[in-house]
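Okay, structure first, notes after.
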Amino acid sequence: MKSEELRARLAEHAGGQGLIGAVLAVQHGDEITEAAYGVLDKEFGYPATIDSIFQIGSITKVWTATLIMQLADEGLLDLDTPVAHYLPGFRVTDEAASAAVTVRQLLSHVGGFDGDIFDDYGDGDDAVQRYVDALAGPARQLFPPGSQWSYCNSGYVVLGRIVSVLTGQTWETALRERIVAPLGMTYLATSPAEAIRHRVAMGHIEGPGGELVKAPIWGMPRSNAPAGATLTMAARDLLAFARMHQRLGLASDGTRVLSQESALAMREPQAKVPGDGPLADHWGLGWELFQAESGLIIGHDGGTVGQSALLRMVPERDVAIVLLTNGGGVHKLRDLVAGLLDELAGTTLPPFPVPPAVPPQVDPEFFTGHYESGTIAADVIRDGDALAVGLRPIGPAATLPEDEKPELTPVVPLNRRALISVGRPRGFHEVYTFIGDGERAEFLHMGRAVPRAVPRA
């Protein structure tokens, strides 16, 4: 594919969806094509280029998982050994879970404890250690380790701490020496101080009137770096990481970065993702796994403050796609990504669910009520035959004044255990899955399991 064609297609889709800026990189065999669109900063109008760096958010988790698998290759850890063996004194709220949860369970998001904890412990080299040492307070246990899947940022910070302890280095230094240097990456940063040396994207978020505005901050705390708070790079460098995994651990020059056995193991399903939402069907050891009719698609998404990222690979066809944006969201360009995968790999992305023409009959009382985690409060409300979901960030993630009510999202039943939004607030219909065998759901699941709770006074 020619770069001019890719630029035209990116501009058509991104412009049509009102994105601020984007960079797209496509690899097909030995051919790599890149394109840029828009600006890095809406206020100052700096043009986005293919060398610009964007935050990759939670795609970082696959990098952390790769570091863990390297340590397993070296015989320094076993995936099925409890975390407490490598981090003596490790504790979350539940003592039994603290002693039992394994490295494998954290890699596949089945650790069972609260995952959205974004406490800031400063910019020092001890930020991750201080975060992990403090988990006994906020990291309450939602369910026993291994019993359910729930996306867990805090689990990946714990994995980052294991990397530091076993290598004697900070997570950032280990990342650079073990992955960045062997892959020859040049447009990459792990901190704001490094990012400012590059053409760096600024995030944009939705303002009060719905218009995208410059985000109030650039980045998230260093304490969450192993989960996706800080890693920033050009699309081509993320593509080099993906290519290494496609080549089963080999860099382009033949350097062995990861064993073939570990690269394959990371693609093996470890946990089923509940529901029928936009996330993967299963989770591997770091990777999201999408089972399409034409074969397996591997990838991960990422989101930070006004920036989002997408990585998709079809190893059997030697195809990878990277999309980085700084306002508007990568999923608004799903049609573009789907078209490229179809053309280059003959692979069709699983479709996002849509509201049924005739919603099934359900018991509304199973869904209704209040649900709350450390960062999300949700209410499912019934008004006659109509249902709506109201979400509100709480704790460190709170953005609304206490007396301001969250906007309600009208929903209809998707099936007997899920509701789906009528509108498309993020470019797709939101799916709310409910878990429980009794008369009322125990958890509202939106990638994270949010337990039923008593409403706050």
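Points to keep in mind about this one:
- Multiplying the residue separation of Asn415 and Ala96 by 0.36 nm and subtracting their alpha-carbon distance yields 111.3 nm.
- Computed Rg/Rh of region 1-150, alpha carbon atoms with Kirkwood Rh: 1.11
- Accessible surface for Glu372 stands near 30 Å², nearest 10, in the context of the full protein assembly shown (1.4 Å probe).
- Computed on the Cα atoms alone, the convex hull of region 336-457 gives a volume of 148 cubic angstrom per residue.
- Per the Debye calculation on region 91-247 with a single equal scatterer at every Cα and no solvent contribution, log₁₀ I(q)/I(0) for q = 0.09 Å⁻¹ amounts to -0.35.
- Each 10 Å bin, from zero up to the one with the longest distance, holds this percent of the alpha carbon pairs of region 1-79: 16, 32, 27, 16, 10, 0.
- Rounded to the nearest Hz, the phi-derived 3J(HN,Hα) couplings of region 320-333 under the Karplus curve 6.51 cos²θ - 1.76 cosθ + 1.60 (θ = phi - 60°) are 9, 10, 10, 10, 10, 9, 10, x, x, x, 5, 6, 6, 9, where x marks glycine and proline.
- Region 403-457: C-alpha gyration tensor shape, a/c 1.5 cut-off, then a/b vs b/c: oblate
- With contacts taken as Cα pairs under 8 Å and at least 6 residues apart, the chain reaches a relative contact order of 17 percent.
- Bins of 5 Å from zero: percent of alpha-carbon pairs in region 162-204: 5, 21, 22, 20, 18, 9, 4, 0
- Fraction of accessible area attributable to carbon and sulfur, region 326-395 (%, probe 1.4 Å): 55
- Above-threshold pairs, the threshold being 28 Å between Cα atoms, out of Lys2/Lys272; Lys2/Lys214; Lys61/Lys332; Lys2/Lys61: Lys2/Lys272; Lys2/Lys214; Lys2/Lys61
- Rounded accessible area per residue of region 300-448, 1.4 Å, Å²: 44
- Overall dimensions of the chain, expressed as equivalent-ellipsoid semi-axes from the Cα gyration tensor (√(5λ), whole Å, largest first), are 31, 28, 22.
- Förster radius 45 Å - calculated FRET efficiency between Ala453 and Asp335 (Cβ-Cβ, nearest 0.05): 0.75
- Extent along principal axes [Cα atoms of region 84-163; Å; largest to smallest]: 35, 24, 20
- FRET efficiency, Leu76 to Asp133 (Cβ-Cβ, R0 22 Å, nearest 0.05): 0.50
- Accessible-area ranking of Val200, Val163, largest first, probe 1.4 Å: Val200, Val163
The values are calculated or read from the model by the stated rules, or taken from the named source; none is laboratory data. Quantities reported herein were computed from a predicted structural model and do not represent experimental measurements. Every residue, glycine as well, gets a Cβ built from its backbone with ideal geometry; the counts of neighbours run over all protein chains shown. Ligands, DNA and RNA are excluded from the accessible area calculation, which covers all protein heavy atoms including side chains. Shrake-Rupley method; radii C 1.70, N 1.55, O 1.52, S 1.80 Å.
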